[in-house]
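Each remark here refers to the structure printed beneath this line.
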Amino acid sequence: WFVNLLMIFNVTYAFACGKGWSPKIHCPSLLGFLTISLVIGLLSGATELFFPPSDRFWQVPEFWANFLSYPVFFFGGAIAQRNDWMEEIKEKSRVIIYTWAVLPTIMYVSLE
């Protein structure tokens, strides 16, 4: 299923975006990344209310719970690569980045 989705996204990317596609989008702030992740999480959680998480669609396990994030991450990664966001991210506060990575892990472990 994973390779199948990658092929679908790549074909979509090739036809929709074309060879000369290169939007100039600045790297979001850390608050922007936080907002994007919270919106994806809330929408995925709301979707799970209406569709059972064990459903399969296109052979993707837990399709309804996770699928929303896949195209966002794929096309977001394409935009990030085209605009060299990794260099911009290196200039951001490491303390905030590590906190944002560790805090949800601690919350998840404490709920188990």
Legend entry - CD proxy at 222 nm, helix term only [per DSSP H run n ≥ 4: -39500 (n - 2.57); per residue of the chain; nearest 500]: -22500 deg cm²/dmol
Inset, instruction - Specify which residue in the list F9, I96, Y70 is farthest towards the positive end of the charge dipole of the chain, using unit charges on the beta carbon of Lys, Arg (+1) and Asp, Glu (-1), about the Cα centre. - result: F9
Inset, instruction - May I ask you to list, by number, the DSSP H helices of the chain whose Cα span along the axis is at least 27 Å and whose average Kyte-Doolittle hydropathy reaches 1.6 or more? - result: 30-50
Inset, instruction - Measure off 7 Å from each Cα along the Cα-to-Cβ vector at I89 and V102, then give the distance between these two points in nanometres to one decimal. - result: 1.9 nm
Legend entry - Whole-number accessible area per residue in Å² for the chain, which is evaluated in the context of all protein chains at 1.4 Å: 75 Å²
Inset, instruction - Could you look at the chain and say what percent of its accessible area is carbon and sulfur, using a 1.4 Å probe and all protein chains? - result: 71 percent
Legend entry - For the chain: rounded, prolate or oblate by the Cα gyration tensor [a/c cutoff 1.5]: oblate
Inset, instruction - Only Lys, Arg, Asp and Glu count, each charged at its Cβ (+1, +1, -1, -1), so figure out the dipole size of the chain about its Cα centre, rounded to 20 debye. - result: 360 debye
Inset, instruction - Before anything else, pin down the relative contact order of the chain: Cα pairs under 8 Å, at least 6 apart, normalised by residue count, whole percent. - result: 31 percent
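The values are calculated or read from the model by the stated rules, or taken from the named source; none is laboratory data. Note that the structure is predicted; figures quoted are calculated from it, not measured. As a convention, Cβ positions derive from the backbone with ideal geometry for all residues, glycine included, and neighbour counts pool all protein chains shown. We work out accessible area using only protein heavy atoms, side chains counted, and drop any ligands, DNA or RNA first. Shrake-Rupley method; radii C 1.70, N 1.55, O 1.52, S 1.80 Å.
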